[in-house]
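Okay, structure first, notes after.
The values are calculated or read from the model by the stated rules, or taken from the named source; none is laboratory data. Not measured: the values here are computed from a predicted model. As a convention, Cβ positions derive from the backbone with ideal geometry for all residues, glycine included, and neighbour counts pool all protein chains shown.
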Amino acid sequence: MTKAGLVYIALGLMFVLPGLMALWVGLRGSRWFFNSRSYGFLPKKIGLGGARIAMVLVGLLLLAAAVLVVVDPMGIMKGA
């Protein structure tokens, strides 16, 4: 496997999986996520609806970053 292939796998794990999880949590409104100690502040500050919208946006941004890695519009990955 080439270095570029390993970079694609690493970036996939760093962007796609968290992006899908954030999208899933935002769309489902998972109580276990929003009641956790780490993210419980978000619904308290902006409400559950706002927190769900924020998580959907975070998920979409992470997935867009993953697409940019694959598309590589500036040719950055060509040198890897």
A51 - would you say it is of a type outside the set (D, E), surrounded by 13 or more Cβ atoms within 10 Å (Cβ to Cβ) and over 11 Å from the mean Cα position of the chain (by Cα)?
yes
Qualifying positions in the range 1-34 - in a helix (DSSP H, G or I) and hydroxyl-bearing (S, T, Y):
Y8
Just need a number here: residues in the range 1-58 that are of a type in the set (F, W, Y) and in contact with a Gly (Cβ under 8 Å, 6 or more places away or on another chain).
2
Could you list, in sequence order, the residues of the range 16-52 that are without any contact (Cβ under 8 Å) to a residue 12 or more places away in the chain and under 20 Å from A66 (Cα atoms)?
L17
Only one of R52, R37 is outside any helix (DSSP H, G or I), of a type in the set (D, E, K, R) and at pLDDT 85 or above, namely R37
Is it the case that A66 is in contact (Cβ under 8 Å) with a residue 12 or more places away in the chain, touching a Pro at 6+ places or on another chain (Cβ under 7 Å) and not hydroxyl-bearing (S, T, Y)?
no
For P43, which of the numbered conditions (1) part of a helix (DSSP H, G or I); (2) over 16 Å from the mean Cα position of the chain (by Cα); (3) surrounded by fewer than 16 Cβ atoms within 10 Å (Cβ to Cβ) fails to hold?
(3)
I'm trying to understand the selection: among the residues of the range 46-72, which are under 18 Å from M21 (Cβ atoms) and among the small types (G, A, S)?
A51, A54, G59, A64, A65, A66
